[in-house]
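The values are calculated or read from the model by the stated rules, or taken from the named source; none is laboratory data. Note that this is a predicted model, so its numbers are computed, not measured. Heads up, the Cβs are rebuilt from the backbone with ideal geometry, glycines too, and the neighbour counts pull from every protein chain shown. Surface accessibility is based on the protein's heavy atoms, side chains included, excluding ligands, DNA and RNA. Shrake-Rupley method; radii C 1.70, N 1.55, O 1.52, S 1.80 Å.
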Amino acid sequence: MTQRRPARSALGLLLSGLLLAACGDGDVPGSGLAPSEEPLGTREAAMCSGLSVTSLTLDGISTYEGELAGAGTYAVSTFANAVSLEFSVDGQTPSSIERPGASGTWSYSRTGVACGPRTFEVRAYPMIVASDGTKAVCRESYKSVIRTVTEPCPTTASVSCNRISTTTVRCTGTGSGGSGSYTPSWRTSVYSYYDQMEFSWPSYLDMWTVDMSCGAVSATATAYDVLRLDFKVTGSNGVTSNTVSSPNYKCAPMYY
């Protein structure tokens with residue numbers, strides 16, 4: 001007698017089809033597909049929605065000898081709990097710092113800043129710092145303060161001297177850079193052969209060219225005074241230049 005395999009019932013086949021339809025292809029074990037995740041940028045955008053910087057102040061900014069320094073305060077809106085601050089000088093090489101808290105103070109300094117007018121900018125972005133340390137900087141909403149700050153450039157002095165006769169040395173000074181008009185000043189120094197010491201005194205103020213008495217001596221002379229003039233200028237901005245000196249001139253000895 002031939003043995004028959006039991007046939008699956010129509011009801012069993014129908015239930016299997018319904019279960020597969022209910023699960024869907026994405027959840028079928030072994031299908032290799034996982035539920036989609038929300039993109040990071042989308043989550044940050046949702047976290048930052050409605051956040052803003054409510055206040056940003058620059059209470060003072062200045063430069064001195066190439067160092068720029070400034071300070072101010074900030075405040076962010078409800079649900080933000082920190083701030084990211086970005087600083088730039090003349091729009092170049094921005095740097096940033098973070099400050100915790102919904103409000104507070106900030107300070108900034110930078111060296112190597114060139115003299116003359118410079119444009120300083122501080123930008124503040126609201127932040128959210130989660131309990132696990134995750135940070136979100138809300139760059140779509142920020143506040144900015146821009147200020148021009150100037151450190152006067154120093155004036156550069158130069159001097160040129162030559163012997164115009166056997167009895168006279170003439171020196172002419174010049175100034176460049178800085179701003180406004182210049183005021184020249186000289187200082188005369190003489191090392192005395194008789195006294196074996198140097199005498200020095202201010203002289204010829206407000207003069208650009210000076211003549212100094214200096215009797216010529218032979219190249220082999222052993223008794224002589226040594227004359228030197230120092231020169232500098234002060235700009236109308238109050239900044240004084242470097243000091244430059246004339247060559248040392250040998251002069252016939254004199255009593256001082």
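Among the criteria (1) at pLDDT 80 or above; (2) open to solvent by less than 50 Å² (accessible area, probe 1.4 Å), the one Tyr64 does not fulfil is (2).
Per the conditions (1) open to solvent by less than 70 Å² (accessible area, probe 1.4 Å); (2) closer than 30 Å to Ser179 by Cβ; (3) touching a residue at least 24 places away in the same chain (Cβ under 8 Å); (4) of a type outside the set (S, T, N, Q), the sole criterion not satisfied by Met127 is (2). Condition check: surrounded by 15 or more Cβ atoms within 10 Å (Cβ to Cβ), in contact (Cβ under 8 Å) with a residue 40 or more places away in the chain and in a strand (DSSP E or B). Does Asp230 satisfy that? So Asp230 fits the description; yes. Within segment 166-181, residues that are within 30 Å of Ser218 (Cβ to Cβ) sit with their Cβ atoms under 6 Å from residues that are open to solvent by less than 40 Å² (accessible area, probe 1.4 Å) and not in a strand (DSSP E or B), at 6+ positions apart or across chains, in these pairs: Thr167/Gly215; Val169/Cys214; Cys171/Ser246.
Among the residues that make up segment 234-246, is at least one of them under 13 Å from Arg187 (Cα atoms), open to solvent by 60 Å² or more (accessible area, probe 1.4 Å), of a type outside the set (Lys, Arg) and in a loop (DSSP other than H, G, I, E, B)? Checked segment 234-246: at least one residue is under 13 Å from Arg187 (Cα atoms), open to solvent by 60 Å² or more (accessible area, probe 1.4 Å), of a type outside the set (Lys, Arg) and in a loop (DSSP other than H, G, I, E, B).
Residues considered: Ser176, Ser218. Of these, the only one that is surrounded by fewer than 12 Cβ atoms within 10 Å (Cβ to Cβ) and part of a strand (DSSP E or B) is Ser176. State which residue is modelled with the lowest pLDDT when the search covers only segment 76-100 and only residues that are in a strand (DSSP E or B) and polar (S, T, N, Q). Here the residue is Thr93. If you go through segment 110-131 and keep only what is outside any loop (DSSP other than H, G, I, E, B) and among the β-branched types (Val, Ile, Thr), you end up with Thr119, Val122, Ile128, Val129. Considering every residue within segment 77-87, establish whether at least one is open to solvent by less than 50 Å² (accessible area, probe 1.4 Å) and of a type in the set (S, T, N, Q). Checking segment 77-87: at least one residue is open to solvent by less than 50 Å² (accessible area, probe 1.4 Å) and of a type in the set (S, T, N, Q).
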